[in-house]
Amino acid sequence: MISTAMAARMNAQINRELYSAYFYLGLSAQAEAANLKGTAAWFMAKHGEEMTHSLKMYRYLIDQDAAVQLSAVAAPPGEAAGVLDMFERTLAHEREVTAAINNLVDHALSEKDHATSVFLQWFVTEQIEEEATVNDILGRLRRFGDQGQALLMIDNELSAIAKQMKQLAASAGAGA
Ligand code: OFO
């Protein structure tokens, strides 16, 4: 059993994860509309990851005999100016999520809630990897731009990464 205050914070994080999923779904739709199949696949794979994150937290609350409280998910932002803008937004968004996860860990530690603190460590590590991946993509977009051939190349690369992400998700699901 976890405290009511901790459960409320975890419920807020479930909402943030669902918003993340929605945020990436919106970007995937924008990429589809621009005929950028690889970029769309990458954002769709991110959508899937975020849904998994929300469900991990959902399951944790249930396992801890705490109430799951779902609330309205905000609409994602409007149209991005291009792929560079999509990834600038992605990095800013992931940094906010990292800060939120760190706040959750701080709260768990302040309550001496070791179970929640240990549970959240997976998310701490996940955020490091997510920010690093996005930084890497952004580095190339900033250097080579998001038009013409450079865009085609990054779109192909994102397609390959999305395939790997899907395979990883499938093998994690099979092992669960
Ligand atoms: Fe939920 O992993 Fe980033 O946002």
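Label reach from K37 (point 7 Å along Cα→C-beta): in region 122-163, amide nitrogens under 15 Å belong to 152-163. Measuring from label point to label point, each 7 Å out along Cα→Cβ, what is the Q164 to T52 span in nm? Taking the simple label geometry, Q164 and T52 are separated by 1.5 nm. Modelled spin-label separation between I128 and N103, with each label point placed 7 Å from Cα along the Cα-to-Cβ direction: 2.3 nm. Multiplying the residue separation of Q121 and A74 by 0.36 nm and removing their Cα-Cα distance gives an extension gain of 14.3 nm. Note that region 118-132 has calculated 3J(HN,Hα) couplings of 5, 4, 6, 4, 4, 6, 4, 5, 4, 5, 4, 5, 5, 5, 5 Hz, one per residue in order, obtained from phi through the Karplus relation 6.51 cos²θ - 1.76 cosθ + 1.60 (θ = phi - 60°); glycine and proline are x.
Comparing S159, S28, S71 in a Gaussian network model of the chain where C-alpha atoms under 10 Å apart are linked, the largest mean-square fluctuation is found at S71. Residue by residue, region 62-77 carries 3J(HN,Hα) couplings of 5, 4, 8, 6, 10, 6, 7, 10, 8, 10, 4, 9, 5, 5, x, x Hz when phi is fed to the Karplus relation 6.51 cos²θ - 1.76 cosθ + 1.60 (θ = phi - 60°); x denotes Gly or Pro.
The angle separating the long axis of helix 83-110 from the principal Cα axis of greatest extent in the chain is about 10 degrees. Debye-formula intensities of region 112-168, expressed as log10 I(q)/I(0) at q = 0.14, 0.18, 0.19, 0.25 Å⁻¹, are -0.54, -0.73, -0.77, -1.01 (one equal scatterer per alpha-carbon, no solvent). Inter-part distance, region 159-173 to region 1-35, computed on C-alpha centroids, equals 20 Å. Here the chain is assigned +1 on the Cβ of each Lys and Arg and -1 on the Cβ of each Asp and Glu. Its dipole about the Cα centre then comes out at about 200 debye. In region 4-174, the portion of solvent-accessible area held by carbon and sulfur atoms comes to 58 percent [1.4 Å probe, whole percent, DNA, RNA and ligands not counted]. Per the helix-only calculation at 222 nm, which mean residue ellipticity applies to the chain, given -39500 (n - 2.57) for every DSSP H run of n ≥ 4 and division by its residues, nearest 500 deg cm²/dmol? Value at 222 nm, helices only, nearest 500: -29500 deg cm²/dmol. In this calculation the C-beta distance from S3 to R95 is compared with R0 = 22 Å, giving a FRET efficiency of 0.20. Excluding ligands, DNA and RNA, the accessible surface per residue across the chain is 53 Å² with a 1.4 Å probe. Ellipsoid semi-axes for region 4-174, based on the Cα gyration tensor and the rule √(5λ), read 31, 15, 15 Å when sorted largest first.
Within region 85-151, list the trypsin sites (Lys or Arg not before Pro) lying in a DSSP loop whose Cβ has at most 11 other Cβ atoms in a 10 Å radius. Those that pass, being in a loop and sparsely packed, are K112. The label-point distance for A12 and A150, in a model that sets each label 7 Å from Cα toward Cβ, rounds to 3.9 nm.
Considering only L152, A21, H47, the residue lying farthest towards the positive end of the dipole of region 1-154 is L152, judged by Cα position with unit charges set on Cβ.
The values are calculated or read from the model by the stated rules, or taken from the named source; none is laboratory data. Because the structure is predicted, anything quoted here is derived from the model rather than measured. A quick note on method: Cβ atoms are made from the backbone with ideal geometry, for glycine too, and the neighbour counts reach across all protein chains shown. These area figures cover heavy atoms from the full protein model, side chains too; ligands, DNA and RNA do not enter into them. Shrake-Rupley method; radii C 1.70, N 1.55, O 1.52, S 1.80 Å.
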